[in-house]
Amino acid sequence: EWCERKADSKSEKIRKYAYWGVYLFVAIPLPGTGAWMGALIAALLNMDPKKTFPVIAIGVLTAGIIVSVLSFGVLGAIIYKEKNMAERISTPSRTKEIIEANRFAFKKNFGQNFLIDSNILDNIASCAGVTKDDCVLEIGPGIGSLAQVLAENARQVVAVEIDNTLIPILKQTLADYDNVTILNQDILKTDIDAIIQEKNDGRNIKVVANLPYYITTPIIMDLLENERHVDSITVMVQKEVAERINAKPGTKDYGALSLAVQYYAEPYLVANVPPNCFMPRPNVGSAVIRLTVHEKPPATVRDESLMFRLIRASFNQRRKTLANGLNNSPELHYSKEQIAEAIEKLGTSPSIRGEALTLEEFARLSDILLELEGK
Ligand code: SAM
């Protein structure tokens, strides 16, 4: 299910087996080769058969020493790597330990459901395409599980956490990472542009988060609508929201949110994540979605604001026809005749519903209405 990262871990496995294969290929036949070499040297030197045996023994011994050095080298490298791998904050036992040691009480109103599955965290970072060149903004680091993985993969991480009781915990859990900045702020009131300017010289950053579900739409729309310098947004959201964001015209999930997000970014539903991957378990299913921000919107429109008013009006009354939806909207002030004419010019049936229209069609409808107004 997980995008490129599954391929990554597969190729990693293949590489690991290949290393062991080469090692065994060299190590096993080496003593035999040593014996043959000894015998060959003895034969070439026309040695007395009695002296041949010690030469063969020296060959076997030399090969044995090479194998031992090789084995110790491999073993040493494995132990060194394991020792240098920081202990994961995200294991269930470590998370529990941190929470109990700090007497931390989960706050439901802050949407605190911490991830306790290290594979999922690795996969989120890899799916977000985080590299050592990147500056990453994390929204709501909690006790630092995702921030730790991001810090290991990115050049710079800025983690914005609203809950002040989590700040001392984060300072402890992330003490080993000098590339993490922790800010005790509400992300909805944070000057994100200033962070991007200060931490990444105004160049595009990546946003990665296990979002508190109550701010999913406002924060995603803030990042997209205000055209912040963001390359991509990879976030854990409610499964149902991920499906709405990703929905195509004519489906039950298709709506204003699908169109608003898809105007600014290309969504990719990465994977579903079950409740048992969180502590405490949420009541709903979750999913990771990646939004790759468009350099240029896929539809050109003269008045974005009018297009979005049309979209909202069309989905406010889903069961009504597009014409009725637009006629009844308090946000629009077109006459019935203008709306009928615009729908006709669009080339669709007068009884069409808004949910059947693509983004391009909404853009065209908006331009046609402007034209009818003489603008
Ligand atoms: N990243 C952690 C993890 O994956 O385990 C925690 C994720 S938890 C779903 C959401 C986090 O966002 C919590 O730590 C919560 O306190 C924080 N949070 C909630 N509202 C916030 C806001 N407005 N601004 C910043 N952080 C917020």
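Worth a mention:
- Candidate set: region 197-213, residues that are modelled with pLDDT of 95 or more and assigned to a helix (DSSP H, G or I); chosen: the one farthest from LEU170 (Cα to Cα): GLN197
- The one condition in (1) in contact (Cβ under 8 Å) with a residue 60 or more places away in the chain; (2) farther than 24 Å from ASN102 by Cβ that ASN119 fails to fulfil: (1)
- Pairs, first surrounded by 13 or more Cβ atoms within 10 Å (Cβ to Cβ) in region 277-301, second acidic (Asp, Glu), C-beta under 6 Å, six or more apart: CYS277/ASP117; THR292/GLU266; ALA299/GLU360
- Whichever residue in region 355-366 is buried (at least 17 other Cβ atoms within 10 Å of the Cβ) and either assigned to a helix (DSSP H, G or I) or among the charged types (D, E, K, R) (or both) and, among such residues, is modelled with the lowest pLDDT: GLU355
- Residue ID - nearest to TYR213 (Cα to Cα), chosen from residues in region 248-259 that are at pLDDT 95 or above and either of a type in the set (Ser, Thr, Tyr) or crowded, with 21+ Cβ neighbours inside 10 Å (or both): SER258
- Screening PHE53 on (1) at pLDDT 90 or above; (2) surrounded by 11 or more Cβ atoms within 10 Å (Cβ to Cβ) shows it passes everything except condition (1).
- Considering residues of region 136-151 that are hydrophobic (A, V, I, L, M, F, W, C) and part of a helix (DSSP H, G or I) only, the residue nearest to the ligand (Cβ to nearest atom): LEU146
- Residue in region 206-219 that is away from the ligand (no atom under 16 Å from the Cβ) and out of contact with any Cys (no Cβ under 7 Å at 6 or more places or on another chain) present: no
- Subset of region 91-127 [within 13 Å of the ligand (Cβ to nearest atom) and among the small types (Gly, Ala, Ser)]: ALA105, GLY111, SER118, ALA125
- Counted residues, region 327-342 - those being among the polar types (S, T, N, Q), outside any loop (DSSP other than H, G, I, E, B) and under 20 Å from ALA256 (Cα atoms): 1
- Among residues of region 343-354 that are more than 18 Å from LEU370 (Cα to Cα) and in a helix (DSSP H, G or I), those with a beta-carbon under 6 Å from a residue that is modelled with pLDDT of 90 or more and of a type in the set (S, T, N, Q) at least six positions away or on a different chain give the pairs GLY354/SER314.
- Neighbours by Cβ (under 7 Å, 6+ apart or cross-chain): first from region 179-196, more than 11 Å from ILE219 (Cα to Cα) and in a helix (DSSP H, G or I); second β-branched (Val, Ile, Thr) and within 13 Å of the ligand (Cβ to nearest atom): ILE195/VAL158
- Pairs meeting the criteria (first residue in region 151-172 and touching a residue at least 24 places away in the same chain (Cβ under 8 Å) and within 12 Å of LEU183 (Cβ to Cβ), second residue more than 10 Å from the ligand (Cβ to nearest atom) and among the basic types (Lys, Arg), beta carbons under 9 Å, at least 6 apart or on different chains) are VAL158/LYS199.
- Count - residues of region 220-242 that are within 12 Å of the ligand (Cβ to nearest atom) and surrounded by 20 or more Cβ atoms within 10 Å (Cβ to Cβ): 3
- Within region 186-204, tally of residues that are more than 16 Å from the ligand (Cβ to nearest atom) and of a type in the set (Val, Ile, Thr): 1
- The residues on offer are SER68, SER118, and the sole one that is over 41 Å from the mean Cα position of the chain (by Cα) and at pLDDT 80 or above is SER68.
- Condition met for ALA154 (within 14 Å of the ligand (Cβ to nearest atom), closer than 24 Å to ILE289 by Cβ and not polar (S, T, N, Q)): no
- Verdict on ILE245 being within 12 Å of the ligand (Cβ to nearest atom) and assigned to a helix (DSSP H, G or I): no
- Elements of the type helices (runs of 4 or more DSSP H) sitting completely within region 15-119 and holding at least 2 residues that are of a type in the set (Asp, Glu): these cover 92-101.
- Pairing each residue of region 256-268 that is closer than 14 Å to GLU361 by Cβ with any residue that is surrounded by 22 or more Cβ atoms within 10 Å (Cβ to Cβ) and of a type in the set (A, V, I, L, M, F, W, C), provided the two are 6+ apart or on different chains, yields C-beta distances under 6 Å for LEU259/ILE311.
- Residue under evaluation GLU100, criteria (1) over 21 Å from GLU227 (Cβ atoms); (2) of a type in the set (D, E, K, R); (3) within 14 Å of the chain's Cα centre (by Cα), criterion not met: (3)
The values are calculated or read from the model by the stated rules, or taken from the named source; none is laboratory data. Everything quoted here is computed from the prediction, not taken from an experiment. Counting neighbours? That spans all protein chains shown, and the Cβs are built from the backbone with ideal geometry, glycine included.
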